[in-house]
Amino acid sequence: TGSTPGELLEIAVRLARDAAATARRMRDEAIGDVQTKSTDTDVVTAADKAVERQVADALLTQRPGDGLLGEEYGDAAPVAPGAVRWILDPIDGTVNYLYGLPQYAVSLAAEVDGTVVAGVVVNAATGDEWTATRGGGAWRAGRRLTGSARTTLDQSLVATGFGYDARRREHQGAVLARLITRVRDIRRLGAAALDLCLVAEGTLDAYFEKGLNLWDHAAGGLIAEEAGLVVSGLSGAPAGNQMLVAAPPALFGALHDALVELDAAGGA
Ligand code: IPD
């Protein structure tokens, strides 16, 4: 099989659908004893690992020369220049998954030489699917996505998320406490990949979060970009401990400036 963005997307969609089916099935089977597992996240960890293993095995059979960066097992092996590296979040929205809130997803992106060229996000609970190839636009159910037309911050519905680290949460809370008076409202839906897709389709006006991992935003970030949104770190640098911001061009400046100010004021 080849490695054009279109070909990679086709593979990604097939793998992500199968992965979503596994995640969904494991949740349905485990639902009776979710509460009796040894720790709160046991069921989630098992499903995360099973889904990642399934994608890794399929890739190894179909495309042995490719690399894989996954949330559960990390980087399988370094990839040669020009080779494809897949970036996988087996279950984005693990807390939603644990509680049965229908907002959890498989996120799979294909990267070549550090650039994401194809990506798919599948909501495993609902089957909704968002895709993009670099230069080929972002799509959901045959409809091309263009983001929201909102132009002012005070009329914008802005999504965000929280990392798991307590200090980071304190900082995120401090930023939110001040941002909430400047926007229409805030949403915390619990899956970064889906947040980015909802911004891409204009259901949410904008999204920001500090400290995402590459697997959280690789596919969703391309989908948002291809929908015409600005997706950027606060200082233009890639995300890491950075704040990632995704907003339509007309809104980006105002949100970015507010976040620069609040992020600095929030400390940490
Ligand atoms: C998390 C979710 C959440 C975001 C966190 C992520 P996970 O990913 O995307 O919405 O706020 O920063 O770590 O752990 O569910 O794959």
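Return the single residue from V106, V116, V199 with maximal mean-square fluctuation; model: Gaussian network over the chain, springs between Cα atoms under 10 Å. Judging by the Gaussian network model, the answer is V116.
Basic side chains Lys and Arg get +1 at the Cβ, acidic Asp and Glu get -1 at the Cβ, and with that the dipole of the chain about its Cα centre reaches some 440 debye. With the simple model of a label 7 Å out from the Cα in the direction of the Cβ, A58 to R187 spans 2.7 nm. Here the range 89-182 is assigned +1 on the Cβ of each Lys and Arg and -1 on the Cβ of each Asp and Glu. Its dipole about the Cα centre then comes out at about 400 debye. Measuring nothing but how far apart in sequence close Cα pairs (under 8 Å, 6+ apart) lie, relative to its length, the chain scores a relative contact order of 17 percent. Between 0 and 90 degrees, rounded to the nearest ten: what's the tilt of helix 5-30 against the longest Cα principal axis of the chain? So the inclination is approximately 90 degrees.
Less than 12 Å Cβ to Cβ from D216, Lys/Arg counted +1 and Asp/Glu -1: what total charge do the surrounding residues give? After counting each charged neighbour, the total is -4.
Between the beta carbons of R169 and D257, assuming R0 = 25 Å, the FRET efficiency works out to 0.60 to the nearest 0.05.
Residues within the reach of a label modelled at A141 (point 7 angstrom out along Cα to beta-carbon, backbone nitrogen below 17 Å), restricted to the range 152-177: there are none.
Footprinting exposure proxy ranking of Y164, Y97, fewest other C-beta atoms within 10 angstrom first, gives Y164, Y97.
Shape of the range 153-265 from its Cα gyration tensor (a ≥ b ≥ c, root eigenvalues): rounded if a/c is under 1.5, otherwise prolate when a/b > b/c, or oblate? Note, shape of the range 153-265 comes out rounded.
Computed from the C-beta positions of L101 and F162 and an R0 of 22 Å, the FRET efficiency is 0.90 to the nearest 0.05. With N counted as the residues of the chain, its alpha-carbon radius of gyration over 2.2 N^0.38 Å works out to 0.97. For the peptides 248-255, 176-183, residues were scored by their other Cβ atoms within 10 Å and the scores averaged per peptide; the highest-first order is 248-255, 176-183.
Would you mind calculating the relative contact order of the range 5-136 from Cα pairs under 8 angstrom and at least 6 residues apart, reporting the percent as a whole number? For the range 5-136, the relative contact order is 27 percent.
Since every read-out is calculated from the coordinates, none of them should be taken as a lab result. Keep in mind that what you see is a predicted model, and the values were worked out from it rather than measured. Ideal geometry is used to build each Cβ from the backbone, glycine not excepted, and the neighbour counts take in all protein chains shown.
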